[in-house]
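The structure's right below; bear with me while I get my questions together.
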Amino acid sequence: MKKVFSFILTLVVLSTVFISANYPVYATPSSVIQTYRNNIITYATGAIGSPYTTDKDLRLGPDEYDCSGLAYRAYQHAGLAITSNSAADQAKELTVSGRLSSYATRTKGDLIFYYLHPTPNNRYLNIDHVAICAGSGWIIDAGNPGVTKRVDTTFSSSNVKATTVPSY
């Protein structure tokens with residue numbers, strides 16, 4: 001019985017080695033990453049001109065948005081999942097999962113999290129706003145009066161609390 005068990009165990013180990021040797025795991029190709037990023041920007045660009053809302057039932061679009069609702073839907077459109085609760089919750093989820101990146105190296109599709117108001121709000125890093133990096137110094141965000149695309153210098157870089165990359 002021991003020989004039979006030993007033989008079966010040997011077969012299992014060898015088949016595992018054979019299978020893993022023939023099916024290596026690859027990193028996400030850069031072309032796929034670019035597709036994700038382009039889909040994020042495509043959705044966000046399509047939302048430009050939509051009004052801003054604070055209504056929790058409307059903030060996820062497609063007709064009205066708040067900042068985290070726009071980020072949520074743009075990522076969802078690209079096939080990526082993030083929380084829809086708030087900008088602070090999105091920042092916490094992505095930074096805790098290791099998606100933190102440098103503001104200096106931000107790329108289209110990255111999320112930029114801001115602390116714009118002078119009084120602490122007891123949220124993660126006091127974050128109260130999120131924008132989507134559109135590349136070349138531009139951001140797309142939802143704020144009052146609505147979804148706009150504007151130069152990233154609208155907010156001071158000192159207000160940036162985190163920059164995160166999409167989770168592929």
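The values are calculated or read from the model by the stated rules, or taken from the named source; none is laboratory data. Predicted, not measured: the structure shown is a model, and the values here were computed from it. So basically every Cβ, Gly included, is an ideal-geometry build from the backbone, and we count neighbours across all protein chains shown.
For region 106-147, how many residues are of a type outside the set (D, E) and either without any contact (Cβ under 8 Å) to a residue 40 or more places away in the chain or more than 15 Å from P166 (Cα to Cα) (or both)?
Number of matching residues: 27.
Are there any pairs, at least 6 apart or on different chains, whose C-beta atoms fall under 9 Å, with the first in region 28-43 and touching a residue at least 60 places away in the same chain (Cβ under 8 Å) and under 15 Å from L70 (Cα atoms) and the second part of a loop (DSSP other than H, G, I, E, B) and of a type in the set (S, T, Y), and if so, which?
Hits for this filter: R37/T107.
Let me ask something else about it. Return yes or no: is T153 crowded, with 17+ Cβ neighbours inside 10 Å and more than 18 Å from N39 (Cβ to Cβ)?
Taking the combined requirement at face value, the residue does not satisfy it.
For the subset of region 107-124 comprising residues that are under 16 Å from I139 (Cα atoms) and of a type in the set (V, I, T), which member is surrounded by the most Cβ atoms within 10 Å (Cβ to Cβ)?
I112
Would you confirm whether or not region 60-80 contains a residue that is closer than 21 Å to K149 by Cβ, at pLDDT below 90 and over 12 Å from the mean Cα position of the chain (by Cα)?
no
Then there is this: When region 82-99 is examined, which residues are found to be in contact (Cβ under 8 Å) with a residue 60 or more places away in the chain and assigned to a loop (DSSP other than H, G, I, E, B)?
Once the filter is applied, which keeps residues that are in contact (Cβ under 8 Å) with a residue 60 or more places away in the chain and assigned to a loop (DSSP other than H, G, I, E, B), region 82-99 yields I82, S97, R99.
From the set of residues in region 131-145 that are in contact with a Ser or Thr (Cβ under 9 Å, 6 or more places away or on another chain) and on the phi > 0 side of the Ramachandran plot, which is surrounded by the fewest Cβ atoms within 10 Å (Cβ to Cβ)?
In this case the residue turns out to be G137.
Next up: Of (1) surrounded by 15 or more Cβ atoms within 10 Å (Cβ to Cβ); (2) modelled with pLDDT under 90, A104 satisfies all except one. Which?
(1)
Please enumerate the residues belonging to region 38-60 that are in a loop (DSSP other than H, G, I, E, B) and buried (at least 22 other Cβ atoms within 10 Å of the Cβ).
A47
In this structure, does D66 turn out to be among the acidic types (D, E), within 13 Å of T163 (Cβ to Cβ) and surrounded by 15 or more Cβ atoms within 10 Å (Cβ to Cβ)?
No: the conditions fail for D66.
With respect to D128, is the statement that it is crowded, with 17+ Cβ neighbours inside 10 Å and modelled with pLDDT of 90 or more true?
So D128 fails the test.
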